[in-house]
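A short worksheet on the structure shown next.
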Amino acid sequence: MIRGAAVVLLVCLAAGWIAYVRVWQHGDAHPLAYRLETMHNFEPREPQTRVTTSGATERVLITAGPRSSTGDSLEVVRAEVERGRVYIVVREMTEPGRAEITYPYRLLVFPTIDRPVHVGWEGSP
């Protein structure tokens with residue numbers, strides 16, 4: 001009897017936590033207004049995500065590391081502001097190109113939102 005009640009309680013707690021994370025904390029999503037900037041002679045040697053805040057702007061640098069073709073690039077699929085975070089989804093794209101070492105990246109700039117930034121990668125080529 002007590003074990004059954006404990007299991008039911010644990011299931012209810014787990015369902016409540018999932019509902020909180022999915023619906024409340026990451027709910028109320030709306031698009032993030034951003035602009036893309038470029039950097040000249042920038043060659044990141046490894047994949048990374050770096051967030052910096054400077055005054056009223058926040059910059060998110062997303063790199064894929066070195067690639068072997070000029071057809072490799074990164075595309076921002078979506079960028080959203082949710083209750084508990086900023087969520088950015090990127091996809092690595094591969095199209096025909098010349099054989100040359102490239103360093104695909106995206107630098108997003110947007111007003112400071114004071115929420116943690118999470119980057120998710122969609123699929124892989």
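The values are calculated or read from the model by the stated rules, or taken from the named source; none is laboratory data. From a predicted model like this one, the values you see are computed outputs, not experimental measurements. Virtual Cβ from ideal backbone geometry, glycine too; neighbours counted across all protein chains shown. The protein model used for the area step is the full one, side chains on, heavy atoms only, and it has no ligands, DNA or RNA in it. Shrake-Rupley method; radii C 1.70, N 1.55, O 1.52, S 1.80 Å.
A few notes on this one:
- Taking 0.36 nm per residue of sequence separation and removing the Cα-Cα distance, the Met39/Ser54 pair yields an extension gain of 3.7 nm.
- For the chain, the longest principal axis of the Cα atoms and the long axis of helix 2-19 meet at an angle of about 30 degrees.
- Candidates Ala14, Ala79, Ala33: whichever shows maximal mean-square fluctuation once the chain is modelled as a Gaussian network with Cα springs under 10 Å: Ala14
- Efficiency of FRET between Glu122 and Val8 - r from beta-carbon atoms, R0 30 angstrom, step 0.05: 0.20
- Entry comment: accessible area of the chain is 66 Å² per residue, from protein heavy atoms only and a probe of 1.4 Å.
- Largest accessible area first, the listed residues Met93, Met1 line up as Met1, Met93 when surface is computed with a 1.4 Å probe on the assembled protein chains.
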